[in-house]
Structures are given as structure tokens and as C-alpha cells.
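**Student:** Got a structure for you, questions after.
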Amino acid sequence: MRGWMVAGNWKMNNMVSEAVNLSKSVKEGTEGIKGGEVVLSPPFTALHAVYETIKGSHVTLAAQNMFYEEKGAYTGEVSAAMIKDIGCTYVIIGHSERRKYFGETDEWVNLKAKKSLAVGLKPIICVGETDDERGKGVTEFVVGIQVKKALNGIDNMGNIVIAYEPVWAIGTGKNATPAEAEDVHRFIRNILGDMYGDACKNVKILYGGSVTHQNISDLIEMEDIDGALVGGASLKSEEFVGIIRKVSEKR
Ligand code: PGA
């Protein structure tokens, strides 16, 4: 039983007071929900306040990024241990916005994934092809390399979540069809099977890219889609709670 997960990636949004209000209403709106995990990923500045709001509840916390070094002269960076210390269970790694705007490479994604696991944080590793790559028919080639490089040298998948987020679907309102998403999810699951055998059968693979409470119903019907990483729609509590409810009903 893999269970489900819905994670809200708030990106660079929400002041502390807004973050507290939003996390409170998500917590209250999803009380009693079973069989899965609700995760919130506020910006660094709101992690502490959101942690205080959700602690002891069914909602858990994720950071949106981390640096792979332990400590020292890395101005502006935050370590895995710091993120764990502030109350995070998860950390998002390799989001396409980080790859695009901050030059994050597959090698960095791998170093970050290893470091997060070393301190007991669970990485949500993001992969996905661009519009151009899909147009050229190299989606599997690109995603395959991203997955294999991210997991290089990692021998236990137990604490890892993968998020398949086609870059062309992020923030565009143009989501992948359930069949398109399922094809890539199955492809990723097969790669994991080749690398880890039965040991990866509980790994969750989330879909991300313009998820709404309307399109989630059909996506979550797919066998290899275990939930969603939600950006824009996670900023409105009613919408986000609606997504979580639909996922929990169908899984
Ligand atoms: P979106 O973002 O739902 O706004 O498309 C998803 C993500 O970037 O994780």
C-alpha cells in the first residue's frame, strides 16, 4: 500500500500572517482525512510559524530547497540539518524553477538528496521535461537521466518521494492528460524497479503541473499517480482542501 500524498508548494508567496492563516485552514479543512499525507511547503521565512500552527496534527512540513554542505561560509544558504531542526519532514529538491533560474544541476540534486537523507529529511525529488523536449519525443530519455542521476549512489528508496512535473505544465494552466502523466509515472516506476527491485514498491510518485480540484479527479484514477505537488492551487485553502478531499476519496 503506497498511500497518497498531496503537497502544497507555495513558492515565493505568503507573508507570515498569511501563511499562518492558510496552514490553519488547510489543517482544519482536512481533519480526519485518512490513508495519506498532507504536506505544506512555505517559504523559509514562514517555516517556523507554519510549524507552530500544524505541529501535532496530521499536516507535515516541507522546505522548498536546501544546500548540500553541512555548514560554513555559504551566504544565503540553508542546510539540511537546519531544515530538519525547524520541524520539516520533507524537502523539495530539483524543482524545475530551481533548475531554470538558479542553475541547479542533476549532480546538485543528487548531493542534496543524499544530504537530506543523511540528516533524516525525506526528499521530494522533482523531474520533468520541457515543452521542447516533449516536442522532440525525448521525454523518457530526459526524465530517465534525471531520475538515475538524482538517485546515483542512494541505495535505500524508503524515504524518497518522486514528483513528475512536466515543465510545460507548471503554472501554465496546461496540465498533462491523465494518460500522458501515467505513461511517464509508469516509466519512472519501471526505472525504480530496475534499480531497486521490490524495495521501491512503496515509493510515491506525485504529479505536478497546473493541478486543480477539477483535473485531479481523473489524474488520481491512474494506477501510478499517488498524489500531487500543487503550486498555484495550494495558495487558496478551499481549492487545496478540495484537491486533498478528492485524492483521499479515490485512493
Ligand atoms: P502549479 O505548480 O501547480 O502552479 O503548476 C506546480 C509546481 O511547480 O510544483
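The values are calculated or read from the model by the stated rules, or taken from the named source; none is laboratory data. What you are looking at is a predicted structure, and each value in this text was computed from that prediction instead of being measured. Cβ: placed from backbone, ideal geometry, glycine included. Neighbour counts: every protein chain shown. We work out accessible area using only protein heavy atoms, side chains counted, and drop any ligands, DNA or RNA first. Shrake-Rupley method; radii C 1.70, N 1.55, O 1.52, S 1.80 Å.
**Student:** Buried (at least 20 other Cβ atoms within 10 Å of the Cβ), among the hydrophobic types (A, V, I, L, M, F, W, C) and free of Cβ contacts under 8 Å to residues at least 40 places away in the same chain - does that describe any residue in region 107-122?
**Tutor:** No, that holds for no residue.
To keep it simple, each residue is scored yes or no on (1) open to solvent by 50 Å² or more (accessible area, probe 1.4 Å); (2) over 18 Å from residue 208 (Cβ atoms); (3) part of a loop (DSSP other than H, G, I, E, B).
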| residue | (1), (2), (3) |
| --- | --- |
| 53 | no, yes, no |
| 56 | yes, yes, yes |
| 74 | yes, yes, yes |
| 84 | yes, yes, no |
| 88 | no, yes, yes |
| 92 | no, no, no |
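**Student:** Consider only pairs whose beta carbons are under 8 Å apart and that are at least six residues apart or on different chains; among these, list those whose first residue lies in region 160-184 and is in contact (Cβ under 8 Å) with a residue 60 or more places away in the chain and whose second residue is assigned to a helix (DSSP H, G or I).
**Tutor:** 165/96; 167/96; 167/100; 167/131; 170/96; 170/97; 171/232
**Student:** Next up: Could you tell me how many of the residues in region 202-243 are in contact with a Phe, Trp or Tyr (Cβ under 7 Å, 6 or more places away or on another chain) and open to solvent by 20 Å² or more (accessible area, probe 1.4 Å)?
**Tutor:** Matching residues across region 202-243 total 1.
**Student:** Moving on to the next point. Please list, ordered by first then second residue, the pairs with beta carbon atoms under 8 Å, 6 or more apart or interchain, first in region 126-146 and farther than 16 Å from residue 110 by Cα, second of a type in the set (Ser, Thr, Tyr).
**Tutor:** These pairs meet every condition: 129/139; 133/139.
**Student:** Let me ask something additional. Taking helices (runs of 4 or more DSSP H) that do not extend beyond region 138-251, which have at least 2 residues that are within 11 Å of the ligand (Cβ to nearest atom) and more than 14 Å from residue 127 (Cβ to Cβ)?
**Tutor:** Answer list for region 138-251: 237-250.
**Student:** Turning to a different aspect of this structure: Does residue 1 qualify as being under 17 Å from the mean Cα position of the chain (by Cα) and touching a residue at least 60 places away in the same chain (Cβ under 8 Å)?
**Tutor:** no
**Student:** Follow-up. Tell me, which residue of region 4-20 that is open to solvent by 40 Å² or more (accessible area, probe 1.4 Å) and free of Cβ contacts under 8 Å to residues at least 60 places away in the same chain is nearest to the ligand (Cβ to nearest atom)?
**Tutor:** So, considering only residues that are open to solvent by 40 Å² or more (accessible area, probe 1.4 Å) and free of Cβ contacts under 8 Å to residues at least 60 places away in the same chain, the one nearest to the ligand (Cβ to nearest atom) is 12.
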